[in-house]
Amino acid sequence: MKKSFTTVGILCSFLAYSQTKKDSTEQKNIKEVVLVGKKPTVENKVDRTVFNVANSSILAGNTTWDVLKMAPLVSIDNNDVLKAEGENVTVYINDRKSVLSGKELKEYLKTIPADNLMKIEVITNPSARYESAGSVINIVLKKLENEGLKGSLSVSNTQNRKNSQYSNFNVNYHKKYFTQTLTGGYNSGDYVSKSTNENYIYANKSLTNIKTESNDNGQSPSFSSTSEFELDSKNNLGVILEYFQYKYKNNAIANGENYLDQVFNNAYEQSQNNTGNHQNIGTNLFYKYYDKVKNKIFDVNLGVNYYGNNSDSEFILNQQIAPTLSGSKILGDNFNRNYYLKLDYTQPFEKSGINLEIGGKIDFKNNAIPNDYYNLSTNNWVYDNTRSNQFQYLENLNSAYTNLSKTFFKKLETRIGLRYEYIYYKIRQNVGNIEKTNSYGTWLPDILLKYVFTENFNLSTFYNRGIWRPYYSEFNPFLMPNNNGTYSQGNMDLQPNPSNRLGLKFGFYKKYYISTSYWFSNQDYWNTFYVVDGKTVNIPTNFDGSVKKYNINFNTNQTFLKNKLNINLNLMYSYTDNSDFNKRNNLVNAKNYFSNVGGSTNISYTNLFDKNINLNAWVGVYNQNNGNSFANRAMVYHNFSATKIFPKIQLEASLNFNNIFMAPNYDSTTFTEIGTFRNSNIWDGRGVTLTLVKRFGNQKVKENSKTNVEKDSGGSK
């Protein structure tokens, strides 16, 4: 597209010059004409949907986490788990796989200002180059290219039920062959959430109602540095340093009532005080060879990541009938180390028209979770050796891949990929002196075909096989109290879950896209429950049985009023067949067939009344049925913002209204062999944010370097 605009610009300049020369006696001055090519907010490509936000008003007053939730095809559940088209995702930042997930990833992305974003790629059909069983979300940050010093400073204040503040800076210096970028942020806030649980056990007809209110305080400083040296026109060398810290305090009060066959039995109150300090330090040394003429790329990435978490959790249980006071205190000192070497090479062959990608990765992990357990005795904490636990997870994952791409007849684009992964891991815990090892190899093929009928009509199809492996902490068998009086526990017997996915995508008139997919697996792992010694325990478990999912998505991006008004609409529908699964696992009350309906729309207006005022509105609705858990109500998010730009002083002021009509909530019921478990949450997401952004220097931005195949069909790392 860039080449097209350049060609048109040269042609127009030539014609204008010729006309001026020819009519010089009649017309002395001709105003300069500037052609500006602007990417649409949403681009639909054969394997991905690209959310171009670099110049969008959606960034105003938001963090990267806020904008990520607004991306097409993306949804989020109450545990801060990101999904794309209803499936779990792997998150990459600037083509580098993030070592964080869940709440830690959320807190980290909240420290990255949305102002740093260039685009978000939702890759629903990742090539063999990616380490993922499902979809991939690649967050691409801006890269400034102009000489000298430039950057921005922003401050935000959010008023929810309580107050929170956020500030960040972004500084870039570029001089000839050297580029240095420094980014930092600090987030401090207080948040309130409420939850209601209804746990019903079939065997003795017992019902427990639990109401919990939780108050959280967190501080999240972060800092990153990227140094890049251009050795010559083809060779770059650089180093990335990242630091993220999350200090937190949590106070929660849970009030529970127990009934036996609808007759009141007893009640209790549990208080929790939890403090912790989470730290993440990452280093990545990279070398890149890029021949722009021949489109050759060779990437080398050597990285080390460290994650640590010190925590102190106190749980005090007060049984209100026949009063008894008991308590537990758990001290954790977790540490995780990750070392990796990754190589990627891209080579086009002009004569044959084939583009070749090959690469591989060696990855080592050493994760340890020691927990010291204390019992409350006459107002003193007494160490309990029998319930303390030292858990360790060691992993070596080696992978290699190849992708071949070629276009036939100028209409048929093809990509065939094959990835091989071999994993060896060891699990150890000192309680019971248990040690388990496992190793296996996996072939993961994928294929993608796209046929262009005309300029306005194209059809693509794909197949890929994936494998979703349990997260290391899901193996940990330590029995951890929850803040609502129940318990959580990992499972050392968890196995990986292979899956297969096929799909079709139809695009017409460059504005409308319909995609369908079929996902199936003969095994899955979901959360279930069991009761032991009066404790209700939540545990991830493998279940055998076939699961089939059918998805259809519709997306359109429209611009009106000379590109000032932009509207993006995304609608999603999925149908799941769990009949075989429920029958084989005796889930008699669970739904054999269920649907998910959802969608989102983003509306933005640029330069209102020609006064440099930008408006943006976003609404997302999601029905969270998943596995053996079914939504009792849909989740609704919405966001409205207005931004005033003062170009002379490079200042922006934004007012952002978050979920002002309805606070975010989640309500679902989980069905298991022993009973049903309902969980309803409402959290502190309703409020107003005021943001001021001060810029300095020339903010010219360039794209990350990718080959034409990567740009058109999606390669990336």
Query raised in the report: Can you spot a residue in the stretch 522-530 that is surrounded by fewer than 15 Cβ atoms within 10 Å (Cβ to Cβ), farther than 19 Å from Lys505 by Cα, of a type in the set (D, E, K, R) and assigned by TED's automatic domain parsing to the domain that holds Glu87?
Result: no
Report summary line: Filtering the stretch 423-441 for residues that are under 25 Å from the mean Cα position of the chain (by Cα) and among the hydroxyl-bearing types (Ser, Thr, Tyr) leaves a count of 0
Requested in this report: Restrict the check to the stretch 162-184 and report whether at least one residue is in contact with an Asp or Glu (Cβ under 8 Å, 6 or more places away or on another chain) and aromatic (Phe, Trp, Tyr).
Outcome: yes
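Residues are listed down the side, and each one gets a yes or a no for (1) over 23 Å from Tyr200 (Cβ atoms); (2) in contact (Cβ under 8 Å) with a residue 60 or more places away in the chain; (3) of a type outside the set (Lys, Arg); (4) out of contact with any Cys (no Cβ under 8 Å at 6 or more places or on another chain):
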| site | (1), (2), (3), (4) |
| --- | --- |
| Gly545 | yes, no, yes, yes |
| Lys548 | yes, no, no, yes |
| Asn566 | yes, yes, yes, yes |
| Asn570 | yes, yes, yes, yes |
| Ile603 | yes, no, yes, yes |
Query raised in the report: Within the stretch 398-428, how many residues turn out to be over 20 Å from Asn125 (Cβ atoms) and buried (at least 18 other Cβ atoms within 10 Å of the Cβ)?
Result: 3
Report task. Would you check if there is a residue in the stretch 610-621 being within 19 Å of Ser668 (Cα to Cα), assigned by TED's automatic domain parsing to the domain that holds Glu43 and either surrounded by fewer than 21 Cβ atoms within 10 Å (Cβ to Cβ) or not acidic (Asp, Glu) (or both)? Result -> yes
**Report entry** Filter result (closer than 26 Å to Trp683 by Cβ, in contact (Cβ under 8 Å) with a residue 60 or more places away in the chain and not in a strand (DSSP E or B)) within the stretch 91-115
**Finding:** Val99, Leu100, Ser101, Glu104, Glu107, Tyr108, Lys110, Thr111, Ile112, Ala114, Asp115
Report task. Could you list, in sequence order, all residues of the stretch 248-263 that are of a type outside the set (S, T, N, Q) and over 28 Å from Gln219 (Cα atoms)? Result -> Gly256, Glu257, Tyr259, Leu260, Asp261, Val263
Requested in this report: Quickly run through the stretch 619-667 and pick out the residues that are closer than 30 Å to Asn586 by Cβ, assigned to a strand (DSSP E or B) and more than 22 Å from the chain's Cα centre (by Cα).
Outcome: Phe630
Report task. Keeping to the stretch 373-397, report how many residues are surrounded by fewer than 17 Cβ atoms within 10 Å (Cβ to Cβ), assigned to a strand (DSSP E or B) and of a type in the set (S, T, N, Q). Result -> 5
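For every residue, the table says whether it meets (1) under 23 Å from Ser167 (Cβ atoms); (2) hydroxyl-bearing (Ser, Thr, Tyr); (3) modelled with pLDDT under 90.
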position	(1), (2), (3)
Ile613	no, no, no
Phe630	no, no, yes
Ala634	no, no, yes
Thr643	yes, yes, no
Asn679	no, no, no
Query - Criterion (of a type outside the set (Lys, Arg) and modelled with pLDDT under 90) met by exactly one of Gln219, Gln279, Gln320 - result: Gln320
Report summary line: When (1) assigned to a strand (DSSP E or B); (2) buried (at least 22 other Cβ atoms within 10 Å of the Cβ) are applied to Asn88, the one that fails is (2)
Query - Check on Gly675, of a type outside the set (S, T, N, Q) and at pLDDT 80 or above - result: yes
Query raised in the report: Which one of the conditions (1) over 24 Å from the mean Cα position of the chain (by Cα); (2) more than 30 Å from Tyr451 (Cα to Cα); (3) of a type in the set (A, V, I, L, M, F, W, C) does Leu397 fail to meet, given that it meets all the rest?
Result: (1)
Query raised in the report: If you check Ser225 against the conditions, is it in contact with a Leu (Cβ under 6 Å, 6 or more places away or on another chain) and at pLDDT 90 or above?
Result: yes
**Report entry** From Tyr424, Tyr440, Tyr512, Tyr487, residue being farther than 29 Å from Leu105 by Cβ and either without any contact (Cβ under 8 Å) to a residue 24 or more places away in the chain or in contact with a strand residue (DSSP E or B) (Cβ under 7 Å, 6 or more places away or on another chain) (or both)
**Finding:** Tyr512
Report task. Name, by its number, the condition in (1) surrounded by fewer than 14 Cβ atoms within 10 Å (Cβ to Cβ); (2) modelled with pLDDT of 90 or more; (3) not β-branched (Val, Ile, Thr) that does not hold for Tyr512. Result -> (1)
Report summary line: Checked the stretch 418-444 for anything farther than 18 Å from Gln495 by Cβ, modelled with pLDDT of 95 or more and not charged (D, E, K, R); matches are Leu418, Tyr420
Query raised in the report: Regarding Asn266, is this residue more than 23 Å from the chain's Cα centre (by Cα), closer than 30 Å to Gln219 by Cα and polar (S, T, N, Q)?
Result: no
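Conditions (1) of a type in the set (Asp, Glu); (2) within 24 Å of Asn301 (Cα to Cα); (3) not assigned by TED's automatic domain parsing to the domain that holds Ser473, marked per residue:
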| residue | (1), (2), (3) |
| --- | --- |
| Ala368 | no, no, no |
| Asp372 | yes, no, no |
| Ser377 | no, no, no |
| Gln392 | no, no, no |
| Tyr401 | no, yes, no |
| Ile416 | no, no, no |
| Tyr422 | no, yes, no |
| Gln429 | no, no, no |
| Asn433 | no, no, no |
Query raised in the report: When both residues are 6+ apart or on different chains and their Cβ atoms are under 6 Å apart, which pairs have a first residue that lies in the stretch 42-54 and is buried (at least 24 other Cβ atoms within 10 Å of the Cβ), and a second that is of a type in the set (S, T, N, Q) and part of a strand (DSSP E or B)?
Result: Val42/Asn557; Val42/Asn568
Query raised in the report: So which of Phe657, Phe671, Phe630 is of a type outside the set (Val, Ile, Thr) and without any contact (Cβ under 8 Å) to a residue 40 or more places away in the chain?
Result: Phe657
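The values are calculated or read from the model by the stated rules, or taken from the named source; none is laboratory data. All values derive from a computational prediction rather than experimental measurement. Here Cβ is always computed from backbone atoms with ideal geometry, including for glycine, and neighbour counts include all displayed protein chains.
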